[in-house]
Amino acid sequence: MIATLKRWKRKQDFNPDILGMIINPFYIARRTLYKGIRAYAGSITGKVLDVGCGRKPYRELFHCDTYIGMDIEQSGHSHVNEQIDVFYDGNIFPFEDKSFDNILTNQVFEHVFNPEQFMSEISRVVKPNGHLLITVPFVWDEHEQPYDFARYSSFGLTSILKRHGFEIVSYTKSANNFSVIAQLTVLFFYKKLYSRKYFYYNTAMIVLLLSPITIAGVILSKILPNSIDLYLDNIVLARKTK
């Protein structure tokens, strides 16, 4: 029973269902990110490197021959219960040139203080015509402090990808509607009101105060117009051309 509840909780963290609107204060961000990654997952096959893999929360989406998770040892969060296969030093990926068919890096690039070096390494270890699936926040609070260094617009991210030999195959701006306002409002109150000591207080706060904002945001996002320049995350599928 406990193991089943833990699996259910992990699912709600990264792939929340309708109940997630009530219990997950990050429902909008996590649900739209999951859907965006799922839409491009079919291009990530063969031998795959997940850069900044953590718990490998999206592993189930990828039907590949080999899936290797790599992370950096020093980060803004604990690696307890994470599924890391290889650590790297923050500069050089410990792999030969053209080692991977495709690469995934999810919500990692904003934590990279040497983005040009990071992209050079991705470009080096992926094969020609291989794909890179990258997700990066555009509007979000500072997190995993002090290892939070940047936010990327669609123009900035496109520019750095092109400089390192990638062309854009497809681009999604997640939560590019009223739901972005709802998610940021929930985030603000959650960080102000959350207590590390009181589980029942936190649960009541999320269910009674925050979930109505989430639900209203989801409903109104279906009615109100979309935005082309206010959104939560960049979700990009790019192809290595040179």
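The values are calculated or read from the model by the stated rules, or taken from the named source; none is laboratory data. Please read these numbers as outputs of a predicted model, since none were measured by experiment. With ideal geometry, Cβ positions are generated from the backbone for all residues, glycine too; neighbour counts draw on all protein chains shown. Please note that ligands, DNA and RNA were not included when accessible areas were found on the heavy atoms of the full protein model with its side chains. Shrake-Rupley method; radii C 1.70, N 1.55, O 1.52, S 1.80 Å.
Stretching the chain fully between THR203 and SER227 yields a gain of 5.4 nm (0.36 nm per residue, less the alpha carbon separation). Of all DSSP bridge pairs formed entirely within the chain, close to 45 percent run antiparallel.
All C-alpha pair distances within the chain, sorted into 5 Å bins from zero, spread as 1, 6, 13, 17, 19, 17, 12, 8, 5, 1, 0 percent across the bins. Entry note, the stretch 1-71: relative contact order of 25 percent, from Cα contacts under 8 Å with a spacing of 6+ residues. Rounded to the nearest 20, the Cβ-based charge dipole of the chain about its Cα centre (Lys and Arg +1, Asp and Glu -1) stands at 760 debye. For the pair the stretch 184-242 and the stretch 117-147, the centres of their Cα atoms are 22 angstrom apart. Between GLN83 and ALA150, the contour length at 0.36 nm per residue exceeds the Cα-Cα span by 21.6 nm. Let me check I've understood the local charge: for SER174, count other residues with C-beta under 15 angstrom from its C-beta, Lys and Arg +1, Asp and Glu -1. What total comes out? Local charge sum for SER174: +3. Legend: calculated FRET efficiency, GLN117 to THR185, from the Cβ-Cβ distance at R0 = 22 Å, rounded to 0.05, equals 0.05. Taking a sphere under 10 Å around the Cβ of TRP140 and counting the other residues whose Cβ falls inside, with K and R at +1 and D and E at -1, yields a net charge of -4. Close amide-amide hydrogen proximity is noted between VAL169 and LEU237, ALA238, ARG239, each under 5 Å apart and 5 or more residues distant or on a separate chain (H modeled in the peptide plane; Pro and chain starts excluded).
For the listed peptides 131-139, 84-92, 182-190, 154-162, a ranking on the average number of other beta carbons within 10 Å per residue, highest first, reads 131-139, 182-190, 154-162, 84-92.
What lysines sit close enough to LYS56 to cross-link, taking a C-alpha to C-alpha distance under 20 Å and skipping anything fewer than 8 places away on the same chain? Hits, sequence-local ones excluded: LYS6, LYS9, LYS11, LYS35, LYS47.
Hydrophobic long helices, here whole DSSP H runs in the chain with Kyte-Doolittle means of at least -0.5 and Cα atoms spread over 18 Å or more along the helix axis, are found at 27-40, 179-193, 211-223. Around the Cα centre of the stretch 137-242, unit charges on the Cβ atoms of Lys, Arg, Asp and Glu (plus for the first two, minus for the last two) sum to a dipole of about 240 debye. In the stretch 72-138, Rg over Rh equals 0.95, where Rg is the alpha-carbon radius of gyration and Rh the Kirkwood radius from pairwise Cα distances. Taking only protein heavy atoms and a 1.4 Å probe, the accessible area of the stretch 39-90 is 44% carbon and sulfur.
The value of relative contact order for the stretch 71-191, using C-alpha pairs under 8 Å at least six residues apart, is 24 percent.
Between ASP97 and ARG196, the FRET efficiency from the beta-carbon distance, with R0 = 41 Å, is close to 0.35. Counting lysine pairs in the stretch 96-242 whose alpha carbons fall under 20 angstrom apart, excluding pairs fewer than 8 residues apart on the same chain, gives 11.
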